[in-house]
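Only one structure is covered here, and it is reproduced in the block below.
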């Protein structure tokens, strides 16, 4: 049995260079709006898209973790002033969420990890908030609603004079009527 030589192509192309080199072979696989323009326009669009992917490939789409709230205090319907913060944690299970304080810093952290054969998933959420002076970190309470809204409350210091008044607005729940016209 004789060995067959397999040619090895050597070049300076990186991954994106190889993709550009294969563009003409792939053009018939693209959607119609790519093929309706001239070949040069389609090729330029393809190169632009590859450049965008290269720029954004390893960037994390993350918001700053330090939360800035201009007015974290509200006055409830009973006239009590309090610190009130809300966070959307709907992508996380309750056991994946931690709320803690260190000195005058409140930290909300949620982490979801799935590592199964054929499936890897990682989602993380971190927000920090510097508590205003005279807010007791030990007096904070948190509550997670069924739709994943995490609400953190604590008594406001006496020095807080003006806090927006929070009013509960009642709403009417309308039930759909099935008239059988299906």
Q: Please work out which one of (1) touching a strand residue (DSSP E or B) at 6+ places or on another chain (Cβ under 8 Å); (2) modelled with pLDDT under 85 is the condition residue 93 fails and give its number.
A: (2)
Q: Out of the residues in the range 115-157 that are part of a strand (DSSP E or B) and touching a helix residue (DSSP H, G or I) at 6+ places or on another chain (Cβ under 8 Å), state the one that is modelled with the lowest pLDDT.
A: 155
Q.
Filter the range 84-103 down to the residues that are surrounded by fewer than 19 Cβ atoms within 10 Å (Cβ to Cβ), in contact with a helix residue (DSSP H, G or I) (Cβ under 9 Å, 6 or more places away or on another chain) and part of a loop (DSSP other than H, G, I, E, B) and list them by number.
A. 103
Q. Checking residue 79 against (1) modelled with pLDDT of 70 or more; (2) exposed (fewer than 10 other Cβ atoms within 10 Å of the Cβ); (3) part of a helix (DSSP H, G or I), which single condition isn't satisfied?
A. (3)
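The values are calculated or read from the model by the stated rules, or taken from the named source; none is laboratory data. Everything numeric here is computed off the predicted structure, so don't read it as measured data. Cβ atoms come from the backbone with ideal geometry, glycine included; neighbour counts cover every protein chain shown.
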